[in-house]
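No value in this document is a laboratory result; all are computed from the given coordinates. This one's a predicted model, so the numbers in the text were calculated from it and none came from an experiment. Methodologically, a virtual Cβ is constructed for each residue, glycine included, from the backbone with ideal geometry; neighbour enumeration extends over all protein chains shown.
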Amino acid sequence: MTTGEWDKQAWRAELLARRAAVSAEERMAEAAALAAGVTALHADGWVCAYVPVGSEPGSLALLDALRAGGARVLLPVTGPPGPLAWAEYLGGDRLRRARYGLLEPDGPTIPDALDLAELILIPALAVDRRGVRLGRGAGYYDRTLHAARPDARLIAVVRDDELVDHLPEEPHDHRMGWVLTPHHGLRRLEADTHD
């Protein structure tokens, strides 16, 4: 295990413990704030998003708010380790249970979905001010984001205290250009600044 991987494991353990300590009421309030905050995205085209699992910030209300604003929402469909496939979200009643406790659309996957997406909402445990994202470690997004359009906005979705000054970075990590938090809304990151 490299030093960067060990540092990431320590960060993950701490952040997951912090999330586990958040009350259900606070999680619900943050989810409502995120759903209200997506109006700042001005998304009226294709958007890649996700259904939160466990203590991840967000809710189906966020996806519904995107759709109400005119966006067509794509959600990941997991398979074997590798790039994610994507299918269109058509409402909560059209989701099915999938691996890792996820919910996925019940419709067909859309080939080259990332060619369509103007913005991509990405789950994260934390993101730093340079745009370095810390995920759960499975690598699905790292193997997927290289296919994003060059002009797509990559937006990490985290709790307010999960925007941090500095995270360990490895060569395969994709930097985010933006962060969306419940109380501070949408903020641009310094994704083009490399140490």
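Report the local net charge at ALA29: Lys and Arg +1, Asp and Glu -1, summed over other residues whose C-beta lies under 14 Å from its C-beta. Write out the running numbers ahead of the final one.
Details: positive: ARG27, ARG159; negative: GLU25, GLU26, GLU30, ASP160.
Value of the local net charge: -2.
Pick out, from LEU95, LEU41, LEU134, the residue whose Cα sits farthest towards the positive end of the charge dipole of the range 3-188, with +1 on the Cβ of Lys and Arg and -1 on the Cβ of Asp and Glu.
LEU95
If we restrict to alpha carbons, what Rg and Dmax does the chain come to, in Å?
Every Cα atom of the chain included, Rg and Dmax give 15.6, 45 Å.
As a test, work out the antiparallel percent of DSSP beta bridges whose residues both lie in the chain, rounded to the nearest 5.
Bridges in the chain that DSSP calls antiparallel: roughly 45 percent.
Please report how far the C-alpha centroid of the range 74-113 lies from that of the range 161-176, rounded to the nearest whole angstrom.
Cα centres, the range 74-113 to the range 161-176: 26 Å.
Which value in deg cm²/dmol, rounded to the nearest 500, describes the helix-derived mean residue ellipticity at 222 nm for the chain, given -39,500 (n - 2.57) per DSSP H run of n ≥ 4 and division by the residue count?
Per the formula, -6500 deg cm²/dmol.
Find the all-direction average of the projected area of the Cα convex hull for the range 1-101, expressing the result in square nanometres with one decimal place.
Details: hull surface 32.4 nm².
Taking a quarter of the hull surface, the average projection is 8.1 nm².
Roughly how many debye, to the nearest 20, is the charge dipole of the range 50-165 about its Cα centre, given +1 on each Lys and Arg Cβ, -1 on each Asp and Glu Cβ, and no other charges?
Values: 14 positive and 16 negative charges, 40 e Å.
About 200 debye.
Take each of the peptides 109-116, 18-25, 171-178, average the number of other beta-carbon atoms within 10 Å over its residues, and list them starting from the highest.
Descending packing order for the listed peptides: 171-178, 109-116, 18-25.
Among LEU116, PRO76, ALA147, whose Cα sits farthest toward the positive end of the charge dipole of the chain (+1 at Cβ of Lys/Arg, -1 at Cβ of Asp/Glu, about the Cα centre)?
Of the candidates, PRO76 comes out farthest on the positive side.
If I model a spin label as a point 7 Å beyond the Cα along the Cα-Cβ vector, how far apart are those points for HIS42 and ASP160 in nm?
Label at HIS42, label at ASP160, 2.6 nm between them.
Largest first and in whole Å, what are the equivalent-ellipsoid semi-axes of the range 14-73 based on the Cα gyration tensor, each being the root of 5 times an eigenvalue?
Values: eigenvalues 119, 25, 14 Å².
Semi-axis lengths for the range 14-73 are 24, 11, 8 Å.
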